[in-house]
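The values are calculated or read from the model by the stated rules, or taken from the named source; none is laboratory data. Remember, it's a predicted structure, so these values are computed and weren't measured experimentally. Here Cβ is always computed from backbone atoms with ideal geometry, including for glycine, and neighbour counts include all displayed protein chains. Keep in mind that these areas ignore ligands, DNA and RNA; they rest on the heavy atoms of the full protein, side chains included. Shrake-Rupley method; radii C 1.70, N 1.55, O 1.52, S 1.80 Å.
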Amino acid sequence: MAKIVSIHSYRGGTGKSNLTANLATAIALQGNRVAVIDTDIPSPGIHVIFGLDDQKIDKTLNDYLWGRCTIADAAYNVTPPSSNPSGGQVFLVPSSVNADEIARILNQGYDFRLLNDGLRQLVRQLEIDYLLIDTHPGLNKETLLSIAVSNLVLLILRPDQQDFQGTAVTVDVARQLDARQMLLIVNKVLSSMDQNALREQVTQTYKVPVAGVFTLSEEMIYLASNGIFFLRYPDHPFSQELRRVVAQVIG
């Protein structure tokens, strides 16, 4: 039985896609078959982090939603070479970056039952151990569906008052949807901040465990989404904290 993990943030700019890509890679390094599905249809981009060239993408989540292909046809093997010895693999179902395709989805919508069915088909056809859903920021139908079908909801926020307020709304909605498990990740924390105090504050505010606290990294900014940070900097504090998050996701 695959574990479905929905990764969400109330606002954009939290580093959600970068964390998702790194998390997927780190889980695969432990010998797991991992799939990532980009449901951020209005602003897709996680494929860039995995090094998947736009020109080589001929099938996307959009094609599946319009009945042009199976969802497995839109899954690309993006396994980094360094993770092959473990036997783990990473597959990505990207959303289209074509403006017409994005506009069509936004204007016409789609049958949300198809997305639910697609998740299950992807798990079955590719024999997936962990399915990570990279959601669109905010609360919409895709978010509600992903929360409802997930075994674990990872909510990402920054130490910012707007993020704090939005996360409170998301936590409340997730509880109303009977989310099975929730964990919080605080990202882009200044190194001068007291991380232990921040962790305690966030835990007490939402009554949800904090899985990880990540400091703002100049190396991450310098990498500029050009690859998997965890593989480039395996001994970096970010990568060490990521391993702790992985242990909680798997555990």
Checklist outcome for this item: The correct ranking of Lys141, Lys16, Lys3 by accessible area at 1.4 Å, largest first, is Lys141, Lys3, Lys16
Checklist entry - To the nearest 10 square angstrom, how much accessible area does Asp194 have with a 1.4 angstrom probe? => result 100 Å²
Next on the checklist: Over the stretch 3-250, how many pairs of lysines fall under 28 Å by alpha carbon, counting only those 8 or more apart in sequence or from different chains?
Outcome noted: 14
Checklist entry - What's the local net charge at Arg33, with K and R +1, D and E -1, over the other residues with C-beta under 9 Å away? => result -2
Checklist entry - In 10 Å bins starting at 0, how do the alpha-carbon pair distances of the stretch 18-165 split up by percent? => result 11, 42, 36, 11, 1
Checklist outcome for this item: In Å², rounded to a whole number, the accessible area per residue of the chain with probe 1.4 Å is 45 Å²
Checklist outcome for this item: Ratio for the chain, C-alpha Rg to 2.2 N^0.38 Å, reads 0.95
Checklist entry - All other residues with a Cβ under 11 Å from the Cβ of Leu152 taken together, and with Lys, Arg as +1 and Asp, Glu as -1, what is their net charge? => result +2
Next on the checklist: Suppose we keep just the DSSP beta bridges with both residues in the chain; what percent of those would be antiparallel, to 5?
Outcome noted: 5 percent
Checklist outcome for this item: Taking the chain and counting helices only, DSSP H stretches of n ≥ 4 at -39,500 (n - 2.57) each over all residues, the nearest-500 ellipticity at 222 nm comes to -12500 deg cm²/dmol
Checklist entry - To the nearest 0.05, what FRET efficiency results for Gln121 and Trp66 with a Förster distance of 25 Å applied to their C-beta separation? => result 0.95
